[in-house]
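The values are calculated or read from the model by the stated rules, or taken from the named source; none is laboratory data. Note that this is a predicted model, so its numbers are computed, not measured. Here the Cβ positions follow ideal geometry from the backbone for every residue, glycine too, while neighbour counts run over all protein chains shown. What goes into the accessible areas is simple: the full protein's heavy atoms, side chains included, and nothing from ligands, DNA or RNA. Shrake-Rupley method; radii C 1.70, N 1.55, O 1.52, S 1.80 Å.
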Amino acid sequence: MNKDYLLFHRPFITEEEINEMVDTLRSGWLSMGPKTIRFEEEFNKYIGSKKSIAVSSWTAAGHLSLEAFGIQRDDEVIVPTMTFPATAEIVCYFGAKPVIVDVEEDTLNISLKEIEKALTPKTKAIIPVHYGGQPCDMDEIMEFAKLHNLKVLEDAAHSLPAFYKGRKIGTIADVTCFSFYATKTLSTGEGGMICTNDEEIAERCAIMRLHGINRDAWKRYSESGSWYYEVVAPGFKYNFTDLQASLGLPQLKKVDEMWNSRKQIAAKYTEAFKDLDTITLHTIKSDRESSWHLYPVRLNLEMLRVGRAQIIEELKHNNVGVGVHFMPVHQHLFYSETFKLDDKNYPVASSVFPRLLSLPIYPGMTEKNVEKVINVFTDILKKYRK
Ligand SMILES: *Cc1c(COP(=O)(O)O)cnc(C)c1O
């Protein structure tokens, strides 16, 4: 690959992760074990939640959480359209219906107004997604959920760490799920975490992540474990592994340091782009702090002679990798056909999506990399300005 090409994302892997991984390989214990338990404990402490359960992905975390909520066939769960399809897919696993709703114009987060419109007697839960790392308005969502007896699962795949009115994301709703996928702010290649203050939900998720066997089943081949186990429910194979924890433990130690790097990059972008009339920057509300997992911008297409595809092509041609987050769920073939969804019911997402673009933002970027993104992007916008 061209060494001058700036990847859209690169995990922040240093000698610490490599040494920890080698230590695990030499230990002979590769699957869920002592390092997984330590990672859960340290993550739990970092978030300030009562229980944290490590699993194989956000998708597994979300599936287990909805199972613990008791979601059944034909139940309804409210999901915003501006997300990765996993948020809606976990609802389909139950034969339940994801009720896909539009988002707020400024934050691209789910809005209370849309939740209110979507509420029916079948509604059982809401999955707010903290788009790009900026928390949703959780106070009003939790108040509404309480009033209507709904469970809330926060999709915090982007928000490690993020703050809502001074509170760290991870303890507000019934359950908060994080992702440690390769592109996320803490990466274990693949992985996820369930955080909850509800002991019953925690217990159910811990059992169901490993075949529905009792809690300490992972120990059955260790010196202190027992060969005997009982299956209490047909669970899943969703456990985390010590190989993943070998990346997670060192990453967790520098999670705030990595956040600071992203904040600095975001500040540089914002300063460099604030006077351009060809793009609109993402709004961050004053009572929230974003993780800056994404740096989304919107192209002001009415000011440009070309569309997004051409802009992305030119960025790539100039060695700058970018992303698009996200093609709205309601536009994906399966969801639009199965649930008969139409752009006209999603005026915000449908009009913003064709203009969206995410710039690279990660701790491994050098100052030169950041300047290159700024210069290349600014030049392209200037070249195609009407
Ligand atoms: C990445 C992502 C997921 C899925 O995470 P996995 O760990 O890959 O299962 C879910 N929701 C959002 C918003 C995401 O960005």
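Got a number for residues in the stretch 1-48 being among the β-branched types (V, I, T) and surrounded by 18 or more Cβ atoms within 10 Å (Cβ to Cβ)? Talk me through it step by step, then tell me what you get.
Applying the first criterion (among the β-branched types (V, I, T)) to the stretch 1-48 yields 13-14, 18, 22, 24, 36-37, 47.
Imposing the further condition that a residue be surrounded by 18 or more Cβ atoms within 10 Å (Cβ to Cβ) reduces the set to 24, 36, 47.
Qualifying residue count for the region: 3.
Being basic (K, R) and either at pLDDT 85 or above or under 18 Å from I194 (Cα atoms) (or both) is the filter; apply it to the stretch 207-222 and report the residue that is most open to solvent (accessible area, probe 1.4 Å).
Step one: filter the stretch 207-222 for residues basic (K, R), giving 209, 215, 219-220.
Now drop any that are not either at pLDDT 85 or above or under 18 Å from I194 (Cα atoms) (or both), which leaves 209, 215.
Numbers: R209: 10, R215: 93 Å².
Filtering first and then ranking leaves R215.
In the stretch 353-366, the residues that are among the basic types (K, R) form Cβ pairs under 6 Å with partners that are open to solvent by 30 Å² or more (accessible area, probe 1.4 Å) and part of a helix (DSSP H, G or I), at six or more places apart or across chains, as follows: R355/L301. Somewhere in the stretch 171-178, is a residue aromatic (F, W, Y) and within 13 Å of the ligand (Cβ to nearest atom)? Looking through the stretch 171-178, at least one residue is aromatic (F, W, Y) and within 13 Å of the ligand (Cβ to nearest atom). The criterion of at least 3 residues that are more than 25 Å from the chain's Cα centre (by Cα) and surrounded by fewer than 17 Cβ atoms within 10 Å (Cβ to Cβ) is met by the following helices (runs of 4 or more DSSP H) wholly inside the stretch 325-386: 367-383. Determine whether the stretch 277-297 contains at least one residue that is open to solvent by 30 Å² or more (accessible area, probe 1.4 Å), farther than 20 Å from F8 by Cβ, modelled with pLDDT of 95 or more and not in a loop (DSSP other than H, G, I, E, B). Yes, some residue in the stretch 277-297 is open to solvent by 30 Å² or more (accessible area, probe 1.4 Å), farther than 20 Å from F8 by Cβ, modelled with pLDDT of 95 or more and not in a loop (DSSP other than H, G, I, E, B).
Residue-wise test of (1) at pLDDT 95 or above; (2) over 15 Å from the mean Cα position of the chain (by Cα); (3) open to solvent by less than 10 Å² (accessible area, probe 1.4 Å).
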residue: V152; (1), (2), (3): yes, yes, yes
residue: Y164; (1), (2), (3): yes, yes, yes
residue: G170; (1), (2), (3): yes, no, yes
residue: V175; (1), (2), (3): yes, no, yes
residue: Y181; (1), (2), (3): yes, no, no
residue: E199; (1), (2), (3): yes, yes, no
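Filtering the stretch 144-170 to residues that are small (G, A, S) and within 16 Å of the ligand (Cβ to nearest atom) leaves A156, A157, S159, A162, G170.
Just one of the numbered conditions (1) in a loop (DSSP other than H, G, I, E, B); (2) away from the ligand (no atom under 16 Å from the Cβ) is not true of V99: (1).
Of all residues being of a type in the set (S, T, N, Q) and out of contact with any Phe, Trp or Tyr (no Cβ under 9 Å at 6 or more places or on another chain) in the stretch 222-245, which is farthest from L30 (Cα to Cα)? Just the residue, please.
First pass over the stretch 222-245, keeping only residues of a type in the set (S, T, N, Q): 222, 224, 226, 239, 241, 244.
Filter once more, keeping what is out of contact with any Phe, Trp or Tyr (no Cβ under 9 Å at 6 or more places or on another chain): 224, 226, 241.
Values: S224: 17, S226: 19, T241: 6 Å.
Going through the qualifying residues, I end up with S226.
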